[in-house]
Every structure is written in structure tokens, then in C-alpha cells.
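Just so it is clear, none of the values below were taken in a lab; they were calculated from the coordinates. On a predicted model such as this, the values are computed, not experimentally measured, just so you know. Reconstructed Cβ throughout: ideal geometry from the backbone, glycine too, with neighbour counts over all protein chains shown.
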Amino acid sequence: MIYISGDTHGTIDSRFSGINFRPEDFIIILGDFGFLWAAEPTENEAMLLRELGSMGSTVLFIDGNHENFDRLDRLPTETRFGAEVGVIQPGLYHLRRGNIYTIDNRRFFAMGGGLSIDKEFRIPGLSWWPQEQPSWEETQHALETLEIHDYEVDYVLTHAAPFAIKKIVLHGDNRFPDPTEQFLESLYPLIRFKLWFFGHYHVNVKLGHFIGLYDDWYALDG
């Protein structure tokens, strides 16, 4: 089973208490993972990571906008599920931008990143990082990866949503234009997919083939 959920912001909340995760299961978090937040590892962080590990399943996450990207960028790299991942600990991996991963015989395109609408109240390098937006190199890597796979995957994992979907979710509110949403909007007509999952907006919603998740789970059965 693959369980997909939204932003965790460095907390193990009540959503994790109602499911008996098994070793063969995968847990995917759609950005704003947030468990590596301080400049250096802390005891509280270590305790939370042990708790994640004790669930017994493989935990995967894409990055959101509220991440310590300096920490994520320093993670050791391994090739797993057919592409490079950042390794926090055994069984806990960062799915990097623009890669396609084969997880439980299904292909997932991963593209983290998004805009912090509160960044003017945050401190660069302490509570906000410019790497929250995908770089030109990362967007080109995404396009090249998709082209290799003929723009066809089973599922799409993003933090932000394509611009048109965001407008529906936020009832037309576009006070904070987001380049990541615009990039995803350009990908939308190109990719053939079954379902597109996103987080970021703190809603649980289904819009056709798009599923927004916050504190709910979507289970993909084998």
C-alpha cells in the first residue's frame, strides 16, 4: 500500500495514529516535511526521526517551501526507485525535483517547491531559503526526464498545484503569484497521468484527476 498525505511541518500528528503501517508500505508526504529545520541536528529532531523510523514503513517526501534547503542539499545521495534520492536515514528519503521514481511498480513524477507567502516575515537562512523555488536547471531536468518517459507516468507528486487548479482551490485568490505554479501549469497539458497529488494549500479536496491533501490520507492499493 502507498499512503499519501500533505504537509507535516516537522510534526507527527494525529493522522499517523489511525493506520497500522506495514514494512511493505510506503508513506509519501507532499512537501513541507519540515523535520530537518534547525541549522544543525537537535535531540528533538533525532527523537522525531526515530519515531518516524519506528513506523516500520518506508517514508518518502518531496520538498515544499517551508524546508531548510541547506540541510536537504547536504544529504547523502543514493540511487533508489530508479533515480537519485537524498538519504536522511535508512527508510527515510527525499524525492528530488524533476525525477521519476518507480515505487511499488508505479511511476511517480516528483516536483517539489513553491512560494512562501509569508517570506517577508521570515529570516533568510534561518526560516526561509531562496531554494524554495525550482531553479532553471531543475525545471530543465524535469522536462528532460519527462521527455525520456514520453511524458507518461502513473502519478504526479507536487507541493504546489498548477495555476488553474490553485485558482479553483483558493476560490480565485491570486494575490501571491507563484512561478512554480506557472511552471506546473505549463506541464499540465503535456503529462499523461492517472492522478496528480499536491499539498501546500492546507486543504483536502478532489478536483477531477487532481487531489489536494493536508491532514488526510489517500491510499493507493496494489
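Worth pointing out:
- Range of Cα positions in the chain per principal axis (Å), largest first: 43, 42, 32
- Shape summary of region 73-112, radius of gyration then Dmax from alpha carbon positions: 9.7, 29 Å.
- For Ile211, the residues whose modelled amide H falls within less than 5 Å of its own, excluding neighbours fewer than 5 places apart on the same chain, are Trp196, Phe197, Phe198.
- Calculated log₁₀ intensity ratio I(q)/I(0) where the Debye formula runs over C-alpha points of region 56-139, q = 0.11, 0.21 Å⁻¹: -0.32, -1.01
- Taking label points 7 Å from Cα along the Cα-to-Cβ direction, His171 and Phe121 give a separation of 2.1 nm.
- Fully extending the segment from Lys194 to Asp215, taken as 0.36 nm per residue of separation minus the present Cα-Cα distance, adds 5.4 nm.
- Built amide H within the under 5 Å cut-off of Ile28, gap 5+: Tyr3, Ile4, Ser5, Leu60
- Relative contact order [Cα under 8 Å, 6+ residues apart], the chain, whole percent: 23
- Ranked list, fewest to most other Cβ atoms within 10 Å of each Cβ, for Asp216, Asp178: Asp216, Asp178
- Alpha-carbon centroids, region 42-77 and region 137-176: separation in whole Å: 23
- Each of Lys206, Lys166, Lys119 has some number of other Cβ atoms within 10 Å of its Cβ, and from fewest to most they run Lys206, Lys119, Lys166.
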